[in-house]
Amino acid sequence: MDTLEQNPVHKDDYNPDLLEPSPIQEEYAPVVFAQDIVSHVVSIDMLSGQEDSKNVLCARKSGKGVLTAPFRLLKTNRLGVILTFAVYKRDLPLNATPTERIQATDGYLGGVFDIESLVEKLLQQLASKQTILVNVLDTTNQSYPISMYSSNASNDGLEHVSLLNFGDPFRKHEMRCRFKQKPPWPWLGITTSIGILVIALLVGHIFHATVNRIAKVEDDCHNMMELKKQAEAADVAKSQFLATVSHEIRTPMNGVLGMLHMLMDTDLDVTQLDYVRTAQASGKALVALINEVLDQAKIESGKLELEEVQFDLRAILDDVLSLFSGKSQDKGVELAVYISDQVPQMLIGDPGRFRQIIINLMGNSIKFTEKGHILVTVHLVEEVINSIEVETESSSENTLSGFPVADRRQSWKGFRTFSQEGFIHPFSHSINLIVSVEDTGEGIPLEAQSRVFTPFMQVGPSISRTHGGTGIGLSISKCLVNLMKGEIGFVSIPKIGSTFTFTAIFTSGSSSSKKYKSQQINKMSNSVSSEFYGMRALVMDPRPVRAKVSKYQIRRLGIHVEVVSQWKQGLSCICRGSNAINMVIVEQEVWDKYLNNSTLFFDTLEKIDYGTPPKVFLLSNSISSSGANISTGVCNMTVIPKPLRSSMLAAALQRTMGVGNKGNPCNGQLPSLSLRNLLLGRKILIVDDNSVNLKVAAGAMKKYGADVVSATRGIEAIELLTPPHQFDACFMDIQMPEMDGFEATRRIRDMEHNINNRIHHGELSVEAYNNVSNWHVSILAMTADVIQATREECLRCGMDGYVSKPFEAEQLYREVSRFFQ
């Protein structure tokens, strides 16, 4: 056990003769084998000594290891112990008796342990930076413990006591350990403890903060819910307020405009008619202002929705041109529209909102343009992306009027549609349009361009006084464009002009004519007269853009068009005679510069020796010459006023060429004729508590040939519409005293449902109800309230349609045509 004692003990190291002989006894336990280092014990009888004999016999009797008390080893004089085990001749059961164990004993096995060496080995294995002092004691006798191993040390410092088990159940040992010096401060433990404490505090703080945050979030959520309820209540109150204000303003305006319209149908002199038209225009302007404010309120509340109807894009733009033609002619500003041939004739979308966007943009252009032109172009987005011609056609002064314009390519510079990742090819029937409105007006100051689309913001404080307006038209247009899944932008150069461009996605109407309701108003005005097919026209215009616009409008009538930039080139084309020219259309600029005082042009036309000489037409912006015939001495020249529109152009050509129906009605007469066809002989019930509105509505219906019966209360309407009756439809006001239109409609529907069920079950005779087994009279709401919630309530209560006051022929026709065929 000790590296210093590994050398064998030689026989000369001791003298056996000096050893005491074992006394005579019944049995002996001599050592018969030992390691070399303890070979001196071979001659020892372990039963000779009292202590050794007791331990050996105890081990034999108990079958367990027995440890001697500490004693001095012979050679080293160090404290040691002997651990003794009995060796048996055969296996014994665990419960063998002591006698059986004694009889089966064959010998003994013992081991000598040097306690000091053992402890020192252990201390070497446990060695660290601190010296450990160990005391090993035999505590079998607690009063007089025997020190088996001891270190020189003081009693200072903490002491650790451990029990030792050497295998002897009858002896007790313990080991007492302490550091030689006082232990240093356990900085690692202190640091670790402090760190754990800090972490615990931080975790506690985080937990506390989290709990407080959750509580605060719950409180905020509760407050937000309360605020949400208040906001929803405020929104409802706002909608009700707007509905009430709209109704209260529109109701008298309906009476004013209705009476003015009826007054225009009477015999008036020119001055009186002018007064009436002025009053009617002012009333319509007020209604338009109300509509703008209501649209802005709808947008803010998210209740603005788009229709899905089939419409003719070219007819819509023709109507817009007619709307602004008077103002443009008054200012001498040229107004034109060009639509690419690749744009389908029929589209599916919301024509009213699309028209509203165009009107807002063109209205601003008309306001701020005093000279030059306003040009509206419509292309497919794919054309603009793929065609260099479309992108660069207005890049220089080669414009409609010759005035420079802002480069319209800059107006769509930031559009996602034109980016590499933003462009998405449309679906099979999806039509992505790009519309530009170009003007040569004042332009927008640079400092004001950032707030152009801000509601109720004017470019400058003097703008509203000079040009009027509320400043919400562009804001509404931007919201409408967003609803159409498009984008809007602009470019403006002060003193040069502005160009606004927007995109909008529609659906092609060519393959969905049966699925969607068709907007039939003014369709007839855009139909091509078959009598013009095969005719050829020659356009003389030095400006390519303007010639392109003229060519587009003329080709819509089925006429083949050739364009020349000089009048002499045109004469050469006419005189070739390979293809007969039926009409020559001369631009005002060409006439003023070259042909006004020249007879060569007309003499050449008169000398044509084949067929009939072509008719000559002059395209003019002048109001004074509109519709007049200019005589040159040799022939007459018909003046066609701008802006060009297919219906107006067709009427002028028909009168001069002597073909087709010369008496075609104007656009405004078409809805009236259609309404007369629908309403003639129909029995209509009109319910309104306002006597003026009742008179206006009744007068409008009678104008179209309807048989009108009037009622002023909801209860009276219920009595009149109780089956059986002869009414074909009912126009019912919503806001009435005693019983409003909603409640009256519900009762009428309940009454019809009850009677229909009783007829089907045989309780009532169908003959008693005019042989009608399913009663359902068409009821249309007739109110000045145009809030979306009101429209939804109309449908919920059982109404079939909605006509807002003041109603016009187009709107009335659109609703009535759904029920009367």
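Among the residues of the stretch 673-727, those that are closer than 18 Å to residue 254 by Cα, in contact with a strand residue (DSSP E or B) (Cβ under 6 Å, 6 or more places away or on another chain) and of a type in the set (Val, Ile, Thr) comprise 686, 687.
Of the numbered conditions (1) modelled with pLDDT of 65 or more; (2) out of contact with any helix residue (DSSP H, G or I) (no Cβ under 9 Å at 6 or more places or on another chain), residue 595 satisfies every one except a single condition; which is it? Here residue 595 clears every test but (2). Picking from residues in the stretch 324-380 that are within 22 Å of residue 453 (Cβ to Cβ) and of a type in the set (Lys, Arg), the one that is most open to solvent (accessible area, probe 1.4 Å) is 355. Cβ separations smaller than 6 Å between residues 6+ apart or across chains give the following pairs from the stretch 537-561 residues that are more than 18 Å from residue 579 (Cβ to Cβ) to residues that are outside any loop (DSSP other than H, G, I, E, B) and hydroxyl-bearing (Ser, Thr, Tyr): 549/338; 552/338; 556/646.
Within the stretch 522-534, one or more residues are modelled with pLDDT of 75 or more, crowded, with 21+ Cβ neighbours inside 10 Å and within 53 Å of the chain's Cα centre (by Cα).
Evaluation of residue 387 against the conditions (1) buried (at least 17 other Cβ atoms within 10 Å of the Cβ); (2) modelled with pLDDT under 90 shows that the sole unmet condition is (1).
Among the conditions (1) open to solvent by less than 40 Å² (accessible area, probe 1.4 Å); (2) modelled with pLDDT under 80, the only one that residue 798 does not satisfy is (2). Does residue 743 qualify as being surrounded by fewer than 18 Cβ atoms within 10 Å (Cβ to Cβ) and out of contact with any helix residue (DSSP H, G or I) (no Cβ under 6 Å at 6 or more places or on another chain)? In short, yes. Look at the stretch 91-108: where a residue is touching a residue at least 24 places away in the same chain (Cβ under 8 Å) and a partner is open to solvent by less than 60 Å² (accessible area, probe 1.4 Å) and in a helix (DSSP H, G or I), sitting 6+ places away or on another chain with Cβ atoms under 7 Å, you get 92/101; 92/104; 101/60; 102/60; 105/60; 108/56; 108/59. When every residue of the stretch 355-366 is checked against the conditions, none turns out to be touching a strand residue (DSSP E or B) at 6+ places or on another chain (Cβ under 6 Å) and at pLDDT below 90. On the basis of being of a type in the set (Phe, Trp, Tyr), outside any helix (DSSP H, G or I) and open to solvent by 20 Å² or more (accessible area, probe 1.4 Å), does residue 731 make the cut? So residue 731 fails the test. The set of residues in the stretch 277-326 that are in a helix (DSSP H, G or I) and among the basic types (Lys, Arg) comprises 277, 284, 298, 314. Kindly check whether there is at least one residue in the stretch 752-762 that is buried (at least 17 other Cβ atoms within 10 Å of the Cβ) and within 30 Å of residue 676 (Cβ to Cβ). Yes, the stretch 752-762 has at least one match. If the condition is being buried (at least 19 other Cβ atoms within 10 Å of the Cβ), part of a loop (DSSP other than H, G, I, E, B) and modelled with pLDDT of 85 or more, then the stretch 692-722 contributes 706, 721. Could we say that residue 274 is part of a helix (DSSP H, G or I), within 28 Å of residue 347 (Cα to Cα) and acidic (Asp, Glu) here? When the stated conditions are applied, residue 274 does not pass them. Is it the case that some residue within the stretch 69-86 is on the phi > 0 side of the Ramachandran plot, touching a Leu at 6+ places or on another chain (Cβ under 9 Å) and either open to solvent by less than 60 Å² (accessible area, probe 1.4 Å) or not polar (S, T, N, Q) (or both)? Checked the stretch 69-86: no residue is on the phi > 0 side of the Ramachandran plot, touching a Leu at 6+ places or on another chain (Cβ under 9 Å) and either open to solvent by less than 60 Å² (accessible area, probe 1.4 Å) or not polar (S, T, N, Q) (or both). Is there a residue being more than 30 Å from residue 485 (Cβ to Cβ) and surrounded by fewer than 17 Cβ atoms within 10 Å (Cβ to Cβ) anywhere in the stretch 298-308? No, the conditions are met nowhere in the stretch 298-308.
With the structure loaded, tell me whether residue 689 is under 45 Å from the mean Cα position of the chain (by Cα), open to solvent by 40 Å² or more (accessible area, probe 1.4 Å), at pLDDT 85 or above and not β-branched (Val, Ile, Thr) or whether it fails that test. Judged against the criteria, residue 689 is a match.
The values are calculated or read from the model by the stated rules, or taken from the named source; none is laboratory data. Just so we're clear, the structure is a prediction, and the values are computed from it rather than from any experiment. When we count neighbours, we look across all protein chains shown, and the Cβ atoms used for this are built from the backbone with ideal geometry, even at glycine. Keep in mind that these areas ignore ligands, DNA and RNA; they rest on the heavy atoms of the full protein, side chains included. Shrake-Rupley method; radii C 1.70, N 1.55, O 1.52, S 1.80 Å.
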